[in-house]
1. Under the condition of being crowded, with 18+ Cβ neighbours inside 10 Å and small (Gly, Ala, Ser), which residue from the stretch 83-111 is farthest from Leu165 (Cα to Cα)?
2. Name the single residue that is nearest to Arg4 (Cα to Cα) among those in the stretch 19-34 being of a type in the set (A, V, I, L, M) and under 19 Å from the mean Cα position of the chain (by Cα).
3. Can you tell me which residue is most open to solvent (accessible area, probe 1.4 Å) among those in the stretch 120-171 that are in a loop (DSSP other than H, G, I, E, B) and closer than 19 Å to Leu48 by Cα?
4. Of the residues that make up the stretch 84-93, is at least one modelled with pLDDT of 90 or more and in contact with a helix residue (DSSP H, G or I) (Cβ under 8 Å, 6 or more places away or on another chain)?
5. Can you tell me which residue among Phe33, Phe98 is of a type in the set (A, V, I, L, M, F, W, C), in contact with a Gly (Cβ under 8 Å, 6 or more places away or on another chain) and at pLDDT 90 or above?
6. Which condition number does Val67 fail, the rest of (1) at pLDDT 95 or above; (2) aliphatic (A, V, I, L, M); (3) not in a strand (DSSP E or B) being met?
Amino acid sequence: LSARVAELAQSDGPVLIIGENGVGKEGLAHSIFRASHHCKEVFLQADLLRTSLENSSDEERPGAPRVEPDRTENQLRLFFGSEEPAGDGGIKEKPGYFELTEEGTLLVRGIEQLTPVVQTKLLEAIVTGTFRRYGGVRLHKVRVRLFATTRLDAAQISLERHPLLYGLLEG
């Protein structure tokens, strides 16, 4: 295992870590990061499993309004930030995980929770090194190393439902 960690640490490419709950996927990601030349850069973690669980518990509360949030929009804003008109005629810019992680490593726990649209956009951003903020028109350059964890096994990953995971498996 340590030879594989060293090999992944030397790479600049994305890493997909597959395993059941409790096997230490995040610990493995941290080990790869600490052994890499990226270790002096920022390391951010997005925990989509925790967010997903919190959202689902709100929806199941008796008497709570049944409002279906636009998951794709929320996830695009989370990862790529947003641009909206400001009251003074300017633009209100809010950075997302990609900007905040510039030149660093982003660990996404439970990446399978992302919608196919967002997975496709993340894959494009990783491949091209560019993205647009939600609501924005300007193209931003970015260098982010992505670590993704999932509890799905390889047989459950399909191009239609999990384009990013499929791309990482195939690549």
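1. Gly96
2. So in the stretch 19-34, the residues of a type in the set (A, V, I, L, M) come out as 23, 28-29, 32.
Pick out the ones that are also under 19 Å from the mean Cα position of the chain (by Cα) and you get 28-29, 32.
On the way: Leu28: 11, Ala29: 12, Ile32: 9 Å.
Of everything passing the filter in the stretch 19-34, Ile32 is nearest to Arg4 (Cα to Cα).
3. Going residue by residue through the stretch 120-171, those that are in a loop (DSSP other than H, G, I, E, B) are 129, 133, 135-138, 142-144, 151-153, 157-162, 171.
Now narrow it down to the ones that are closer than 19 Å to Leu48 by Cα: 144, 151-153, 157, 161-162.
Details: Val144: 27, Arg151: 111, Leu152: 31, Asp153: 77, Ile157: 16, Arg161: 162, His162: 11 Å².
Result: Arg161.
4. Just the residues of the stretch 84-93 that are modelled with pLDDT of 90 or more, to begin with: 84, 92-93.
Narrowing further to those that are in contact with a helix residue (DSSP H, G or I) (Cβ under 8 Å, 6 or more places away or on another chain): none.
No, there is no match, as no residue in the stretch 84-93 is modelled with pLDDT of 90 or more and in contact with a helix residue (DSSP H, G or I) (Cβ under 8 Å, 6 or more places away or on another chain).
5. Numbers: Phe33 fails: in contact with a Gly (Cβ under 8 Å, 6 or more places away or on another chain).
Step by step, each of Phe33, Phe98 is checked, and only Phe98 is of a type in the set (A, V, I, L, M, F, W, C), in contact with a Gly (Cβ under 8 Å, 6 or more places away or on another chain) and at pLDDT 90 or above.
6. The failed condition is (1).
The values are calculated or read from the model by the stated rules, or taken from the named source; none is laboratory data. The model shown is predicted, which means the values in this text are computed figures rather than measured ones. Methodologically, a virtual Cβ is constructed for each residue, glycine included, from the backbone with ideal geometry; neighbour enumeration extends over all protein chains shown. Note: accessible area is taken over every heavy atom of the protein model, side chains too, but ligands, DNA and RNA are not part of it. Shrake-Rupley method; radii C 1.70, N 1.55, O 1.52, S 1.80 Å.
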